[in-house]
Amino acid sequence: MSGLTITRPDDWHLHLRDGAALESVAHFSASRFGRAIVMPNLKSPVTTVDRARAYRARILAALPAGCAFEPLMTLYLTESMPIEEIDRAKESLIVHGAKLYPAGATT
């Protein structure tokens, strides 16, 4: 084999932002990637499946018509998150993980 071309790679750590920045970042990412693990650390963190669904809807609405980009949602894991929310995340089919942001640390 002389080479390998990855035509539609995945991004496994993507900050799409929200609000005004979301559209430009989503367009750029969707033009290069097929799927992405979307980080949940917004100004109002994505801590529930309902918030993940709402954020996913905003992401999809920001994309051009016919775009095949698939946002793989995550939850912002907190000490107070009920275990039932993790169960809901598993059942949702749109939430693919949870991310812990330790206090005073970067990830």
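With respect to the conditions (1) in a helix (DSSP H, G or I); (2) in contact with a Ser or Thr (Cβ under 6 Å, 6 or more places away or on another chain); (3) of a type in the set (Phe, Trp, Tyr), Tyr76 falls short on a single one, namely (1). Kindly establish whether Ala61 is hydrophobic (A, V, I, L, M, F, W, C), out of contact with any strand residue (DSSP E or B) (no Cβ under 8 Å at 6 or more places or on another chain), in a helix (DSSP H, G or I) and loosely packed, with under 12 Cβ neighbours inside 10 Å. Taking the combined requirement at face value, the residue satisfies it.
Confirm whether Asp18 is surrounded by fewer than 17 Cβ atoms within 10 Å (Cβ to Cβ), acidic (Asp, Glu) and under 15 Å from Gly97 (Cα atoms). Break it down into steps so the answer makes sense when it comes.
Details: surrounded by fewer than 17 Cβ atoms within 10 Å (Cβ to Cβ): yes; acidic (Asp, Glu): yes; under 15 Å from Gly97 (Cα atoms): no.
Taking the combined requirement at face value, the residue does not satisfy it.
Candidates Ala30, Ala62: the one that is touching a Cys at 6+ places or on another chain (Cβ under 8 Å), modelled with pLDDT of 95 or more and either small (Gly, Ala, Ser) or within 19 Å of Leu100 (Cα to Cα) (or both) is Ala30. Selection of the stretch 32-62 for residues being in contact with a Pro (Cβ under 9 Å, 6 or more places away or on another chain) and closer than 20 Å to Asp10 by Cα yields Arg32, Phe33, Gly34, Arg35, Ala36, Ile37, Val38, Ala52, Tyr55, Arg56, Ile59, Leu60. Select from the stretch 31-49 the residues that are without any contact (Cβ under 8 Å) to a residue 40 or more places away in the chain and out of contact with any helix residue (DSSP H, G or I) (no Cβ under 9 Å at 6 or more places or on another chain) and write down the one among them that is surrounded by the most Cβ atoms within 10 Å (Cβ to Cβ). If we take residues in the stretch 31-49 being without any contact (Cβ under 8 Å) to a residue 40 or more places away in the chain and out of contact with any helix residue (DSSP H, G or I) (no Cβ under 9 Å at 6 or more places or on another chain), then Arg35 is surrounded by the most Cβ atoms within 10 Å (Cβ to Cβ).
Residue by residue, here is whether (1) among the polar types (S, T, N, Q); (2) over 23 Å from Thr5 (Cβ atoms); (3) in contact with a Lys or Arg (Cβ under 8 Å, 6 or more places away or on another chain) holds:
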| residue | (1), (2), (3) |
| --- | --- |
| Phe33 | no, no, yes |
| Val46 | no, yes, no |
| Asp50 | no, yes, no |
| Arg56 | no, yes, no |
| Pro64 | no, yes, no |
| Pro71 | no, yes, yes |
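The number of residues in the stretch 37-56 being under 11 Å from the mean Cα position of the chain (by Cα) and not in a loop (DSSP other than H, G, I, E, B) comes to 6.
The values are calculated or read from the model by the stated rules, or taken from the named source; none is laboratory data. All values derive from a computational prediction rather than experimental measurement. As a convention, Cβ positions derive from the backbone with ideal geometry for all residues, glycine included, and neighbour counts pool all protein chains shown.
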